[in-house]
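Following: one structure in structure tokens, then a few remarks.
The values are calculated or read from the model by the stated rules, or taken from the named source; none is laboratory data. Because the structure is a prediction, the values reported are computed rather than measured. We place every Cβ from the backbone using ideal geometry, glycine too, and count neighbours over all the protein chains shown. Note: accessible area is taken over every heavy atom of the protein model, side chains too, but ligands, DNA and RNA are not part of it. Shrake-Rupley method; radii C 1.70, N 1.55, O 1.52, S 1.80 Å.
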Amino acid sequence: MTNERRQTRQIFVGKVPVGGGAPITVQSMTITKTADVEGTLQQIYALAAAGCDIVRCTCNETEAAEGLAQIVPRSPVPIIADIHHQYRMALAAMEAGVHGLRLNPGNIRKPEHIKAVAMEARDRKIPIRIGVNGGSLDPALYEKWGGIKPEAMVESAQQEMRYFEEVGFDLIKISVKASNVPLMVEAYRQLSEVTDVPLHLGVTEAGPPPAGLVKATAGIATLLLEGIGDTIRYSLTADPVEEARAGRQLLEALGLRERKNVDLIACPSCGRAEIDVIDVAKRAMEAFGDRKIPLQVAVMGCVVNGPGEAREADLGIAAGNKRGHLFVKGRNVAVVPESEMVEALVEWAEFIHEHGTEAAIARVDTEKAEREAAKDRAQLMDDKGVDANHAAEKIVEIRKKTSA
Ligand code: SF4
């Protein structure tokens with residue numbers, strides 16, 4: 001397995017480069033009626049705030065195309081029109097000023113229609129994604145290959161590409177999505193062997209989270225780690241903002257995009273925990289929301305081990321004796337009441353983001369904070385002892401049972 005990117009050509013969706021060594025981009029799709037201009041724009045802004053680079057809107061009727069004419073100039077990110085069945089909607093969307101199109105070769109099949117769209121896109125320099133979908137594969141290819149096979153999906157994309165080439169159009173991206181993860185992974189692998197056009201990755205109809213997130217991540221991450229993929233979309237049965245967040249988080253986790261928001265880490269909790277770690281971590285996630293604070297922040301269940309275990313984090317909080325012990329890069333900096341832990345985390349994160357770690361440490365008496373932490377640590381050790389999880393007692397019981 002390699003993390004070396006496969007070389008692809010570069011195209012532009014509006015001002016956003018895709019392929020050719022450009023940062024991998026996150027896409028999502030609005031679920032409003034595109035004719036509802038204000039509602040759609042609201043969703044586009046929310047998606048952009050969550051880290052989405054490119055947004056797709058359906059263009060399924062004249063009113064939708066008219067909506068796009070108003071949406072595109074006001075959108076903070078490039079807009080792609082999603083087209084199924086009606087090639088005329090592709091022409092209308094281009095007229096509306098969209099930055100890209102997605103065509104499904106499975107349901108716009110007449111060569112003259114495909115070429116009419118490609119010629120218009122060529123003249124306007126608008127890129128098109130050939131969006132093959134396992135579920136709506138061209139029936140002739142389904143027949144030829146005996147079902148939805150990776151080979152059938154690749155052939156569908158190649159067939160469409162040939163129509164495009166015949167009219168001299170090459171601003172292309174391709175996707176070969178399926179809801180079956182191994183099938184989609186194999187289709188993309190085969191596709192990446194036969195073309196250097198940028199690839200848009202996705203597991204289609206992945207379903208609601210958390211299962212949908214797992215499926216989409218399994219497929220997309222596998223390919224990204226093989227160097228395949230230039231832009232990604234999570235297709236979740238959920239608020240599209242969740243799709244954008246997931247896409248962004250995956251790229252950050254794989255080191256493929258710089259961190260933009262807080263990376264919240266939390267201990268798994270154990271018998272030593274002094275707080276409900278899950279609840280505090282959840283509240284901290286909500287408090288940070290989509291704030292652009294690119295720090296790693298830790299929520300740790302106890303001050304006995306927390307600051308040490310999370311010493312790599314930029315900032316963290318550990319509970320002890322109804323108090324929260326804040327630490328910066330493993331150094332204790334302040335003590336706050338347990339009820340103010342989340343607010344304190346946000347305030348410190350904002351300060352560090354603005355002024356840096358050194359300034360944060362310089363503004364407090366770290367020795368005092370360390371003395372307080374040591375006090376609570378000692379108290380907890382007295383209360384719970386070294387073996388807070390009672391492992392030793394359990395081991396004795398286990399031995400009794402297994403030796404009987
Ligand atoms: S020892 Fe403390 S920090 Fe580590 S998992 Fe348990 S509660 Fe969390």
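Would a scan of the range 267-276 turn up a residue that is out of contact with any strand residue (DSSP E or B) (no Cβ under 6 Å at 6 or more places or on another chain), farther than 18 Å from Ile352 by Cβ, open to solvent by 30 Å² or more (accessible area, probe 1.4 Å) and more than 16 Å from the ligand (Cβ to nearest atom)?
Taking every residue of the range 267-276 in turn, none turns out to be out of contact with any strand residue (DSSP E or B) (no Cβ under 6 Å at 6 or more places or on another chain), farther than 18 Å from Ile352 by Cβ, open to solvent by 30 Å² or more (accessible area, probe 1.4 Å) and more than 16 Å from the ligand (Cβ to nearest atom).
List the number of the failed condition for Glu338; all other conditions in (1) touching a Gly at 6+ places or on another chain (Cβ under 7 Å); (2) free of Cβ contacts under 8 Å to residues at least 24 places away in the same chain; (3) not β-branched (Val, Ile, Thr) hold.
Condition (2) is where Glu338 drops out.
When residues of the range 277-301 are filtered for being among the small types (Gly, Ala, Ser) and either surrounded by fewer than 23 Cβ atoms within 10 Å (Cβ to Cβ) or within 22 Å of Ala244 (Cβ to Cβ) (or both), how many remain? Step through it out loud before you land on a result.
If we filter the range 277-301 for residues that are among the small types (Gly, Ala, Ser), which is where we start, we get 281, 284, 287, 289, 298, 301.
Imposing the further condition that a residue be either surrounded by fewer than 23 Cβ atoms within 10 Å (Cβ to Cβ) or within 22 Å of Ala244 (Cβ to Cβ) (or both) reduces the set to 281, 284, 287, 289.
Final tally of qualifying residues: 4.
Of all the helices (runs of 4 or more DSSP H) wholly in the range 117-209, which have at least 1 residues that are among the polar types (S, T, N, Q)?
Result: 150-166, 181-194.
Taking the range 316-337, which residues are more than 14 Å from the ligand (Cβ to nearest atom), closer than 22 Å to Gln379 by Cβ and not in a loop (DSSP other than H, G, I, E, B)?
Residues satisfying the conditions are Arg323, Leu326, Arg331, Asn332, Val333, Ala334, Val335, Val336, Pro337.
For Glu312, which of the numbered conditions (1) out of contact with any strand residue (DSSP E or B) (no Cβ under 6 Å at 6 or more places or on another chain); (2) modelled with pLDDT of 95 or more fails to hold?
Among (1) out of contact with any strand residue (DSSP E or B) (no Cβ under 6 Å at 6 or more places or on another chain); (2) modelled with pLDDT of 95 or more, Glu312 violates only (2).
When the residues of the range 24-48 are filtered to those that are out of contact with any helix residue (DSSP H, G or I) (no Cβ under 8 Å at 6 or more places or on another chain) and surrounded by fewer than 18 Cβ atoms within 10 Å (Cβ to Cβ), which remaining residue is nearest to Ala244 (Cα to Cα)?
Applying the filter and picking the extreme gives Tyr45.
So Gly51 fits all but one of (1) in a helix (DSSP H, G or I); (2) open to solvent by less than 40 Å² (accessible area, probe 1.4 Å); what number is the exception?
Evaluating Gly51 over (1) in a helix (DSSP H, G or I); (2) open to solvent by less than 40 Å² (accessible area, probe 1.4 Å) leaves (1) as the failure.
Cβ-Cβ under 8 Å, sequence separation 6+ or interchain: first residue in the range 191-204 and under 13 Å from Ile24 (Cα atoms) and without any contact (Cβ under 8 Å) to a residue 12 or more places away in the chain, partner open to solvent by 10 Å² or more (accessible area, probe 1.4 Å) and not in a helix (DSSP H, G or I). Which pairs?
Close Cβ pairs satisfying both conditions: none exist.
Tally the residues that are closer than 22 Å to Pro17 by Cα and buried (at least 24 other Cβ atoms within 10 Å of the Cβ), restricting the search to the range 58-72.
2
Specify the residue that is nearest to Ser136 (Cα to Cα); the eligible residues are those in the range 54-85 that are outside any strand (DSSP E or B) and in contact with a Gly (Cβ under 6 Å, 6 or more places away or on another chain).
Pro78
Would you check if there is a residue in the range 224-242 being among the hydrophobic types (A, V, I, L, M, F, W, C), open to solvent by 40 Å² or more (accessible area, probe 1.4 Å) and assigned to a helix (DSSP H, G or I)?
Scanning the range 224-242, I find at least one residue that is among the hydrophobic types (A, V, I, L, M, F, W, C), open to solvent by 40 Å² or more (accessible area, probe 1.4 Å) and assigned to a helix (DSSP H, G or I), so the answer is yes.
I'd like to check something: does the range 292-315 contain any residue that is in contact (Cβ under 8 Å) with a residue 40 or more places away in the chain, part of a loop (DSSP other than H, G, I, E, B) and charged (D, E, K, R)?
Looking for residues that are in contact (Cβ under 8 Å) with a residue 40 or more places away in the chain, part of a loop (DSSP other than H, G, I, E, B) and charged (D, E, K, R), one finds at least one in the range 292-315, hence yes.
Identify the single condition in (1) within 14 Å of the ligand (Cβ to nearest atom); (2) surrounded by fewer than 20 Cβ atoms within 10 Å (Cβ to Cβ) that Val304 does not satisfy, given that it satisfies every other one.
Val304 satisfies all of (1) within 14 Å of the ligand (Cβ to nearest atom); (2) surrounded by fewer than 20 Cβ atoms within 10 Å (Cβ to Cβ) except (2).
Taking Ser75 and the conditions (1) among the polar types (S, T, N, Q); (2) open to solvent by 40 Å² or more (accessible area, probe 1.4 Å); (3) farther than 18 Å from Gln190 by Cα, which numbered condition does it fall short on, given that it satisfies the others?
Of (1) among the polar types (S, T, N, Q); (2) open to solvent by 40 Å² or more (accessible area, probe 1.4 Å); (3) farther than 18 Å from Gln190 by Cα, only one is false for Ser75: (2).
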